[in-house]
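Just below is one structure, and these are the notes that go with it.
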Amino acid sequence: MNCDEFVELVTTFLDGSMHEPTELRCLVHLTECDGCETYLDQFRQTIAILDALPGQSLPTEARDQLLGAFRALRRD
Amino acid sequence: MAGARELPPDQVLVQRLRDGDEETFALVLNAWSGSMLRLAMSFVSTKASAEEAVQDTWLAVIRGISDFEGRSTLKTWVYRILVNTAKARGTKESRTVPFASLLPEEEGPTVDASRFRAPGEEYAGHWAVGQEPRPWHIPEDHVLRGEVREVITEAIDELPPRLRTVITLRDVAGYGSEEVCSLLEISPGNQRVLLHRARALLRRKLEEYLSGTHHVAGGRGRA
Ligand SMILES: [Zn+2]
């Protein structure tokens, strides 16, 4: 396997949805290629940062209006 | 999305919402509005319009919670309302994001060909000398970690809309592949292509940033 092939397979590889022969070729490539090992690790780190991203938030005014609407409807 | 995992299970949530428990409503509002805003931005043209789409969605949730049948998770139900609401707004603003097929620019290699040894060379297709990714160091320091987040948030905003939609759902909001395919009516294969390209672009942005530019004030966004 070449590096330019591996870098396109990373998402499939991480999904665990890869066919076994291809997965095996990836694993073998990773044992002999520092660059691709790093690439894979950086993909994982990128995903971890995205996962930990704090949300944007609604403006306070909009939030208050929604809480008001919730309260009003429940009173009916 | 951080924090979302601490919500009580669906059954409890839905019952409390039906009972008019304001604290629970505030809880889901806080937990989901952020990723909802980001998702809505993929369909509409302005931040204000995205905010309105999110507001409309919550109003629909308030009105419709008594009809929620639990055939999907509460979160999926809410996000589906949002996607429909935002799509409708986007159509009016003539900014739709159809997912039926891939655009030419969404296919093809996600890493610049110049980083690999050219065909015909020895070890063609392997990293070219000096082009292989080098391990990066994400600073533990809080301020810098905040900067890393800023870099990635900015990079998400700059993604083409369809890539932004898919990566927001998968990696920021934490949806599985199946849910995203059904929310966006997209095939698993195309979803994976879009997700992979989005991740590759964001990794590249981080690589640029972490390869030293952060030592220079305002040095982000180097080409
Ligand atoms: Zn390699």
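Descending by average beta-carbon neighbour count within 10 Å, the peptides B:196-208, B:108-120 line up as B:196-208, B:108-120, the highest first.
Per-residue shielding of B:23-35, expressed as the average number of other chain Cβ atoms within 10 Å of the residue Cβ, stands at 3. Around the amide H of residue B:116, modelled in the peptide plane, lie the amide H atoms of B:128, all under 5 Å away and 5 or more residues distant in sequence or on another chain. Among B:183, B:153, B:165, pick out the residue whose Cα is farthest towards the positive end of the charge dipole of region B:104-222, where Lys and Arg carry +1 and Asp and Glu carry -1 on C-beta, about the Cα centre. The residue sitting farthest along the positive end of the dipole is B:153. With a cut-off of 10 Å between beta carbons, the residues surrounding residue A:58 carry a summed charge of -2, where Lys and Arg count +1 and Asp and Glu -1.
Across region B:7-15, computed HN-Hα scalar couplings (Karplus, 6.51 cos²θ - 1.76 cosθ + 1.60, θ = phi - 60°) run 5, x, x, 3, 3, 5, 4, 4, 4 Hz from first to last residue, x flagging Gly and Pro.
Between residue B:23 and residue B:107, what length comes free when the chain is fully extended (0.36 nm per residue of separation minus the Cα-Cα distance, one decimal in nm)?
Length difference between fully extended and current span is 25.7 nm.
Remark: accessible area buried at the B-A interface is about 4400 Å², both chains counted, probe radius 1.4 Å. Annotation: lysines with alpha-carbon distance below 29 angstrom to residue B:92 (same-chain offsets under eight excluded): B:47, B:75.
The mean sequence separation of alpha-carbon pairs under 8 Å and at least six residues apart, normalised by the residue count of chain B, gives a relative contact order of 20 percent. Across peptide B:195-203, the mean count of Cβ atoms from other chains lying within 10 Å of each residue's own Cβ comes to 5. Within the shell defined by Cβ-Cβ distances under 15 Å, the residues around residue B:169 carry a net charge of +4, with Lys and Arg each +1 and Asp and Glu each -1. Counting only other chain Cβ atoms within 10 Å of each residue's Cβ, the peptide B:123-134 averages 5.
Here's the picture: charge each Lys and Arg Cβ at +1 and each Asp and Glu Cβ at -1 in region B:84-141, and of B:102, B:90, B:114 the one pushed furthest to the positive end of that dipole is B:90. Charged side chains reduced to their Cβ positions (Lys and Arg at +1, Asp and Glu at -1) give chain A a dipole of some 840 debye around its Cα centre.
Axis of helix B:188-210 versus longest Cα principal axis of chain B: the two differ by about 60°, to the nearest ten degrees. Can you give the angle from 0 to 90° between the axis of helix B:22-41 and the longest principal axis of chain B, with both taken from C-alpha atoms, to the nearest 10? Roughly 40 degrees, rounded to the nearest 10. Farthest towards the positive end of the charge dipole of chain B, among the residues B:195, B:30, B:73, is the Cα of B:195, using unit charges on the Cβ of Lys, Arg, Asp and Glu.
Based on Cβ point charges of +1 for Lys and Arg and -1 for Asp and Glu, what charge dipole magnitude is obtained for region B:103-190 about its Cα centre, in debye rounded to the nearest 20?
In debye, rounded to 20, region B:103-190 gives about 120.
Principal-axis analysis of the Cα atoms of chain A puts helix A:20-32 at an angle of about 70° to the longest axis.
The values are calculated or read from the model by the stated rules, or taken from the named source; none is laboratory data. Not measured: the values here are computed from a predicted model. As a convention, Cβ positions derive from the backbone with ideal geometry for all residues, glycine included, and neighbour counts pool all protein chains shown. Protein only, heavy atoms only, side chains kept; ligands, DNA and RNA dropped before computing areas. Shrake-Rupley method; radii C 1.70, N 1.55, O 1.52, S 1.80 Å.
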